[in-house]
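Accompanying notes for the structure given below.
The values are calculated or read from the model by the stated rules, or taken from the named source; none is laboratory data. From a predicted model like this one, the values you see are computed outputs, not experimental measurements. No Cβ is skipped: glycine too gets one built from the backbone with ideal geometry, and neighbour counts run over all protein chains shown. Ligands, DNA and RNA are stripped out before the accessible areas are found, and what is left, the full protein with its side chains, is counted by its heavy atoms. Shrake-Rupley method; radii C 1.70, N 1.55, O 1.52, S 1.80 Å.
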Amino acid sequence: MADSIIGKLSMNFAIRIVNFYKFLTEEKKIFIISKQLLRSGTSIGANVSEAVYAQSRADFINKMSIALKEAGESEFWINLLYKSELIDQKSYESLTDDIKQIIGTLVKIINSSKKEKK
């Protein structure tokens with residue numbers, strides 16, 4: 001899965017979120033929201049990785065659906081940081097582009113997996 005598109009996207013996003021967390025806590029002194037974003041942003045890739053070892057197609061869909069939920073939560077925290085004027089527009093747009101790509105990819109994977117199931 002690490003070589004898959006979603007594997008690469010989720011790993012790169014997780015690395016980016018870890019570095020962004022460091023910036024938010026060390027430079028901006030934003031602790032609570034940054035911790036929430038760290039948890040949800042890294043959880044996407046963890047669930048994608050778990051899907052590799054899914055016990056069934058239903059389990060695979062479940063793991064990918066959890067990853068999608070975490071991506072949605074990450075998008076919420078990114079929006080909150082921006083709308084609260086805690087991050088600049090450039091950071092917001094860049095993070096939003098990444099998370100939307102992840103969400104779109106996960107939706108395609110889940111939908112195609114559900115069709116194959118039938």
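Values as computed for the structure displayed
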| read-out | value |
| --- | --- |
| Å² of accessible area per residue within the chain, as computed with a 1.4 Å probe and no ligands counted | 60 Å² |
| Crossing angle, helix 32-51 versus the chain [Cα axis fit, 0-90 degrees, rounded to tens] | 20 degrees |
| Using θ = phi - 60° and Karplus 6.51 cos²θ - 1.76 cosθ + 1.60, couplings along the stretch 105-116 (whole Hz; Gly, Pro as x) | 5, 5, 4, 5, 4, 5, 5, 5, 5, 5, 5, 5 |
| Cβ-derived FRET efficiency at R0 22 Å, residue 32 paired with residue 101, nearest 0.05 | 0.25 |
| Angle in degrees between helix 5-26 and the longest Cα principal axis of the chain, rounded to the nearest 10 | 20 degrees |
| Given the chain, longest segment not containing exposed loop chymotrypsin sites (Phe, Trp or Tyr not before Pro) (DSSP; at most 13 other Cβ within 10 Å) | 54-118 |
| Carbon plus sulfur fraction of accessible area for the chain, probe 1.4 Å, in percent | 53 percent |
| Cut-off 17 Å, label 7 Å out along Cα→Cβ of residue 114, residues of the stretch 8-44 by amide N | none |
| Net charge dipole size for the chain [Lys, Arg +1 and Asp, Glu -1 on Cβ; Debye, nearest 20] | 400 debye |
